Structures are given as C-alpha cells and as structure tokens.
Amino acid sequence: MTSAESRLKGVNHRVGFDKVPKSRCSENCVPGYRKGISTHMCCYNCIPCPEGEISNISDSEKCIKCPDTEWPNTKKNQCFPKLEEFLSYSNDVLSVIFLSISLLFIVITVVTLVIFIFYQDTPIVKANNKNLSFILLTSILLSFLCVFLFLGRPVDITCILRQTSFGIIFSIAVSSILTKTIMVFIAFSATKPGSSWKRCIGVKQSNLLVAMFSSIQVLINIIWLAISPPFQELDSHSNPGKIIIQCNEGSVIAFYSVLGYMGLLAAVSFIVAFLARTLPDSFNEAKYITFSMLVFCSVWIAMIPAYLSTKGKYMVAVEIFEKLAAAVHRWKR
C-alpha cells in the first residue's frame, strides 16, 4: 500500500466512511412474540404467539408449540405443566356434598336393614315379602357406596367398576321392585276360586324372577368388558390449560345398552304397578310403586341432556347426582 492510500484510509476511518450504516424501523420482538412477515427486511411487526405456543428468545422467527401436557404462561415465554382436573375427594365442594348425602343415607339404610333383620319373623315383615325387602335394601346400600367410585382420580379399575357395578346393582334393585309388584298382582289374582296362580306364589319364584331379570344385565356387562371395557382417558384438548382425567366408556353401544336395560326395567315396573293400581284400597303398595317409578323415570330422562351437555368433573357430578336420586327414590319406595 502506498503512503497516499494509507493517508486516505486514515481520513476515511476518522470520518466514519468505512462503517456500513444500519437502517432499523422496528423494535426488537421480546420473548412471547415473533416477527411478522413484511416486504422490507428491516421493518416488521411483532405478533403475539398463538394459543398453546411460546417464543423464548428475542426476534424469534416462529413460535414453538408446547407439548400436549404443558401450557404457556401469561407472557408466553415458557411452558408449564397443565392443571389436572377431576372430581377430588377433598378439594371440591361438590364432593363434600355428595359424600355427606351418601353417608347419611348409608346410615339410614343400615339402620333400616338391621330393623328388618331383627323383626324378620314378625307378620308385618313377612307380609312385605321378607326376602325381596332384604335384596332391595342391600342393593340400595351398595348403590350409595358406588358413589365413592366416582370420586377421586380415575384409574382403569375404577372406570371399569363405575358403570358395571352400578348397572348390576341398580338392575337388582329395580328387579326386586318389579318382582314384588308382580307377586302382589299374582297374590290378589290367586284369591279367585280355582285360580292357577297359586302355584306361582312363593319365595323360590320371587328369587327366580329377580335372578332372571338381573342376569340379563350381568350378561350385557360381561359382553361389554369382553369387547371394549372402560379405561382412563387424558383429555388435553377440550379445556385449554387443563388435562381432564376422565373415564372413556369404551364401547358406546354397550354403555347405552346398560342404561337402556335399566330404563326398560323401570318402565316395565311402572307399567305393571299402573295395571295393579286397582287393587283393594287396603293394599295400596302398587300405587306407591307407580308414583315412585313415574318420578324416577322423569328424573332419568331429565338427566340425559344434562349428562351430554357437560364435560370433565361436572359430567361426573351429574352422574353422581343421578345415581343418588335413583337410590333415594328406591329407598323411599
């Protein structure tokens, strides 16, 4: 390099001609934002990351999607584990209410059952069909205990026991009511001279009817478990920021078959009790059964849209309420 070139370079360095000027019309995009598309390289807009995505560096070209089990914080610059949602034993007011109601009626049912056992040889208990009364009270007691299966974090075994156990227990309870109604109708029909209904009255016949009606529900549940049993499901898409821990019913057809058979038993029980409403006034049990089944069917039908329109722990709460209402109606019966 000549001395002239050296002197010229020194002059340019002093006046700053050797530095390339930087043109900038936008501020840096902070974490939580990304650069927007622009026709100018040095000008851009900062766009907030969409729901479920973050950016943790400045001037990020694109946002990063959080894993399914995580969710962005308010600044959208970091992912955190999603909150888990289920009907907890201790952290939900609904659970406390359901547990209190269940425990109250469990105590009442146990006391009633003890009284029936203590006075089982009295004419009143015998006339009320002692065996069917014991079956009914025991199934009602188990129905209230089923509420505990619907509380707490669901796992595969509790998901299986929830619907199957209640379906079978409920069917036994309604079958005992239906059998008692049939026995009442037969008993008054057998009082006519030369009636052939007399040989249909007895403990064995009533137990056989309960077993026959209940065995159909047991068969439906066995098929359900064999084809597609219920299982635990983690729903991370229905509610942003939360993981809904719930039970997937597996086979929808089997699930509604269980519910449908329970409704069928209740409807048949209502029809038989309605036909037997004209029995003598001194025996008005059929009238009570008719009213009880009518109220129960109304509650059952009203619960269907409520069940289908809720999600998460509130759907479980609707299920528990429906089962408590059903058990209370059977207890009143």
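The values are calculated or read from the model by the stated rules, or taken from the named source; none is laboratory data. This structure is a prediction, so every number in the text was calculated from the model and none was measured. Here the Cβ is made from the backbone with ideal geometry for all residues, glycine too, and neighbour counts use every protein chain on show. Note: accessible area is taken over every heavy atom of the protein model, side chains too, but ligands, DNA and RNA are not part of it. Shrake-Rupley method; radii C 1.70, N 1.55, O 1.52, S 1.80 Å.
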Those residues of region 63-72 which are at pLDDT 85 or above and in a loop (DSSP other than H, G, I, E, B), in sequence order: CYS63, CYS66, PRO67
Those helices (runs of 4 or more DSSP H) lying entirely in region 214-333 with at least 1 residues at pLDDT 80 or above and within 26 Å of LEU136 (Cβ to Cβ): 252-275, 313-332
Every residue from region 95-111 that is touching a residue at least 60 places away in the same chain (Cβ under 8 Å) and either among the β-branched types (Val, Ile, Thr) or open to solvent by 60 Å² or more (accessible area, probe 1.4 Å) (or both): ILE101, ILE108, THR109
The listed residue being at pLDDT below 85 and not β-branched (Val, Ile, Thr), out of SER133, SER139: SER133
Options LYS82, LYS65; residue that is basic (Lys, Arg) and open to solvent by less than 90 Å² (accessible area, probe 1.4 Å): LYS82
Looking only at region 132-184, and only at residues there that are out of contact with any strand residue (DSSP E or B) (no Cβ under 8 Å at 6 or more places or on another chain) and not in a helix (DSSP H, G or I), the one that is farthest from VAL96 (Cα to Cα): GLY152
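Let's see how each residue does on (1) open to solvent by less than 90 Å² (accessible area, probe 1.4 Å); (2) farther than 27 Å from ASP235 by Cα; (3) at pLDDT below 80; (4) not in a loop (DSSP other than H, G, I, E, B):
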| residue | (1), (2), (3), (4) |
| --- | --- |
| SER6 | yes, yes, yes, yes |
| ASN12 | yes, yes, yes, yes |
| ARG24 | no, yes, yes, no |
| HIS40 | no, yes, yes, no |
| THR74 | no, no, no, no |
